[in-house]
1. Please find, within the range 344-400, the residue that is farthest from ALA319 (Cα to Cα) out of those that are within 17 Å of the chain's Cα centre (by Cα) and charged (D, E, K, R).
2. Out of the range 133-169, which residues are surrounded by fewer than 18 Cβ atoms within 10 Å (Cβ to Cβ) and under 25 Å from the mean Cα position of the chain (by Cα)?
3. Among SER118, SER82, which is the only one that is under 14 Å from LEU324 (Cβ atoms), within 18 Å of the chain's Cα centre (by Cα), modelled with pLDDT of 95 or more and open to solvent by 10 Å² or more (accessible area, probe 1.4 Å)?
4. Being closer than 20 Å to ALA267 by Cα and among the aliphatic types (A, V, I, L, M) is the filter here; which residues of the range 283-312 pass it?
5. Within the range 336-368, can you find the residues that are among the small types (Gly, Ala, Ser) and at pLDDT below 90?
6. Kindly indicate whether any position in the range 254-263 is closer than 17 Å to ALA380 by Cβ, buried (at least 20 other Cβ atoms within 10 Å of the Cβ) and under 18 Å from the mean Cα position of the chain (by Cα).
7. Restricting the range 286-304 to residues that are under 28 Å from GLY96 (Cα atoms) and among the acidic types (Asp, Glu), which is surrounded by the most Cβ atoms within 10 Å (Cβ to Cβ)?
Amino acid sequence: MKRRNIKYTTISIISLCIVSFVIMIISMIQKGDNTETGHYKKKAAVLWSDTISNKASDFMADKELEADINRFMGKWDIKGMSIAVSRNDSLLFAKGFGFADREKGIPMEANSIMRIASVSKLITATAIMKLVETGKLNLKSRVLGAQGILNDRGFTEAIRDERIKDITVEDLLLHKGGFTLGAGDPMFNTAEIIKAKHLDRAPTNDDLIKIVMGRRLGFHPGAGRRYSNFGYMLLSRVIEKVSGMSYWEYVQQNILHPIGCYGFRPATNYYDLRHPREVKYYSPDSELVEEFNGSGKMVDRCYGGANINALMGAGGWVASAADLNRFVASIDGTGVRKDILRISSIDLMTAFDKGEKMCFGWTETDGKGKMSRSGTLSSAHALVVKFADNECWVITMNSGVWTGFHFTRELERLIDRLRLKYSDQFPARDLF
């Protein structure tokens, strides 16, 4: 009996080992199959941006810092905010404050992603410079007309003002294309365009290009400057035409993923379509607006008031403050973290001209090493400030403020106050 029991026990153990081994192999195969594909393909299943949390930035001085931030948020009725601070390309601090979704009680986290509005232009400018470096594009290349990059017959035939054919890539980067807002911003007034052009649907970006080609320019390209979201949407289309890829795919595969920025996503227009970890957005008022697609519905301006996704490189990205900080570390030319561009391209992007504050992608530089880029939507604000001492502060918010783009000054003052008070209290480390 004893020998028989030993025999049965041995067989049971061997069987259990075989079953466990098979289960392990199947599990490994399934994990391989679950790896993301397409333009979200990753080298690893778990990334730094997936795991970074508020806990990583809890330390003694944090309580006082949090109190200062909460007072600022209360003053401006900001529902949620995220801040990331780096020095010498090492992430020292990343934390969310307030709510990512107040109604559901979801707190803002260090890796919560938000609309970054016109900070997207900095990413687009970087992509343009990468194409210039690879010889696929020239800053002096004409953009429109039969000899231009976007020489589609429909665009060319729609041109009313011959000066449009003189617009170069560089003109668009510097907001010198000649486009003005006399008829409104075509990227934000689609509901009015639908009525004026008697359309039965929302205009596509191709439609918008043809419509704007039928207007006169406000000035000769290169001879003046007017901020233009439309111009940066055109740059997005240039990237597509030259690369043979969608704008989103080219930027992710050639700019963001090589530098370890996997948290960037194309913006969506509605709450139900938001990405994992994406926040809920809040307008500065409760006023409803007409839906951008001409449906006649009255909607919250955060969700359906504008076609945010169609902004493309003008304002169509969502990202976390920490991911955005990592992106800046790859285009700052410090040499600490490997840059995605050559130093000559970075110098062009940040070139200082006393009379020309706006640079390639950046809102402004001061010629002494300080650079900034801001972004404003009715649903969000974002600000990046890179200081001459290689400290970089990034703020993203899920709430619009009634002062609009003027609110950027308040965010700049907040960064200056927090930097003066807490900069030397951040622990030496690298959360990247």
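The values are calculated or read from the model by the stated rules, or taken from the named source; none is laboratory data. No experiment lies behind these values; they were computed from the predicted model shown. As a convention, Cβ positions derive from the backbone with ideal geometry for all residues, glycine included, and neighbour counts pool all protein chains shown. When the accessible area is computed, the model is the full protein with side chains, heavy atoms only, and any ligands, DNA or RNA have been set aside. Shrake-Rupley method; radii C 1.70, N 1.55, O 1.52, S 1.80 Å.
1. LYS386
2. GLU133, THR134, LYS136, ASN138, LEU139
3. Numbers: SER82 fails: open to solvent by 10 Å² or more (accessible area, probe 1.4 Å).
Selected residue: SER118, the only one of SER118, SER82 that is under 14 Å from LEU324 (Cβ atoms), within 18 Å of the chain's Cα centre (by Cα), modelled with pLDDT of 95 or more and open to solvent by 10 Å² or more (accessible area, probe 1.4 Å).
4. Selection gives VAL289, VAL299, ALA306, ILE308, ALA310, LEU311, MET312.
5. Start the filter on the range 336-368 by keeping residues that are among the small types (Gly, Ala, Ser), which leaves 344-345, 351, 355, 361, 367.
Once the filter is applied, which keeps residues that are among the small types (Gly, Ala, Ser) and at pLDDT below 90, the range 336-368 yields ALA351, GLY355, GLY367.
6. Taking the range 254-263 as the starting set, the residues that turn out to be closer than 17 Å to ALA380 by Cβ are 263.
Imposing the further condition that a residue be buried (at least 20 other Cβ atoms within 10 Å of the Cβ) reduces the set to 263.
Next cut, under 18 Å from the mean Cα position of the chain (by Cα) only: 263.
Looking for residues that are closer than 17 Å to ALA380 by Cβ, buried (at least 20 other Cβ atoms within 10 Å of the Cβ) and under 18 Å from the mean Cα position of the chain (by Cα), one finds at least one in the range 254-263, hence yes.
7. ASP300
Listed here are the residues, each with its yes/no results for (1) of a type outside the set (Lys, Arg); (2) under 24 Å from ASN307 (Cβ atoms).
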{"site": "ASP58", "(1), (2)": "yes, no"}
{"site": "LYS75", "(1), (2)": "no, no"}
{"site": "ILE83", "(1), (2)": "yes, no"}
{"site": "GLU103", "(1), (2)": "yes, no"}
{"site": "ARG115", "(1), (2)": "no, yes"}
